[in-house]
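The values are calculated or read from the model by the stated rules, or taken from the named source; none is laboratory data. Owing to the predicted nature of the structure, the values given are computational and were not obtained by experimental measurement. Reconstructed Cβ throughout: ideal geometry from the backbone, glycine too, with neighbour counts over all protein chains shown. Surface accessibility is based on the protein's heavy atoms, side chains included, excluding ligands, DNA and RNA. Shrake-Rupley method; radii C 1.70, N 1.55, O 1.52, S 1.80 Å.
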Amino acid sequence: MAELATIARPYAEALFKASGSDLGGTAVWLDELAAIAANAQLQQFAGNPGVTSAQAFDVISGVAKTKLPDAAKNFLRTVIENGRLGVLPEIAAQFRVLKNAQSGSSDATVYSAFALDGAALAGLSATLEKRFGKKLNLQVELEPALIGGVRVVVGDEVLDTSVKARLEQMKVALIS
């Protein structure tokens, strides 16, 4: 994975510098393009020697749900022409790191056994921001195996308050 990170870094840094004050808007279209580029069938299509860069660009821009600004189109053309379409998800990840570093925030993934409504998510967000000492950009993913509670991943830190984790702790205590 170090190779992907090394290849993606200059693209992410150049895009970060070129975005100026519209980092949020850039992050939106970049995340969408990264999700599209991560598709295995698209990778296979774009990697076909019979497919031109223009054809790959047309397919990707046609699949995108949002209207791509000119900067996005130019960036996508550059990535495709340089044969770096497979690196696009890593470029997006590194761009988010740069964006978060500038704003003093972090991405956090909340795994929950049940869907969280707006009020519960706002309360959880306030509690987590206090606990981690920084602004968090929460993303919620359902994981029914947790039984109840939540598991929060912020960078390399994990806060696990799920019922499953508590049951595992009880099991270890009873066995030892």
| note | For the chain, the per residue accessible area (1.4 Å probe, Å²) is 60 Å²
| field | chymotrypsin sites (Phe, Trp or Tyr not before Pro) restricted to region 43-143 and DSSP loop, no more than 15 other C-beta within 10 Å | value | Phe114
| request: Enumerate the calculated ³J(HN,Hα) couplings along region 62-76 in order (Karplus 6.51 cos²θ - 1.76 cosθ + 1.60, θ = phi - 60°), each rounded to whole Hz, writing x wherever the residue is Gly or Pro. | output: x, 7, 4, 7, 8, 6, 7, x, 4, 4, 5, 5, 5, 5, 4
| task | Would you mind checking Lys17/Lys67; Lys73/Lys134; Lys134/Lys171; Lys99/Lys164; Lys17/Lys135; Lys65/Lys99 for any pair whose Cα atoms are more than 29 angstrom apart? | result | Lys73/Lys134; Lys134/Lys171; Lys99/Lys164
| field | For the chain, Kirkwood radius (reciprocal of mean inverse C-alpha pair distance, Å) | value | 18.5 Å
| message | Leaving out ligands, DNA and RNA, and with a 1.4 Å probe, what % of the accessible surface on the chain is carbon or sulfur? | response | 57 percent
| field | Inverse of mean 1/r across different Cα pairs in region 7-103, Kirkwood, Å | value | 13.4 Å
| What is the helix-to-structure angle for 23-37, meaning the angle in degrees between its Cα long axis and the longest Cα principal axis of the chain, kept from 0 to 90 and rounded to the nearest 10? | 80 degrees
| Helix 163-175 axis, angle to the chain major axis (alpha carbon atoms, nearest 10°) | 50 degrees
| note | Here the relative contact order (percent) of the chain, from C-alpha pairs under 8 Å and at least 6 apart, is 21 percent
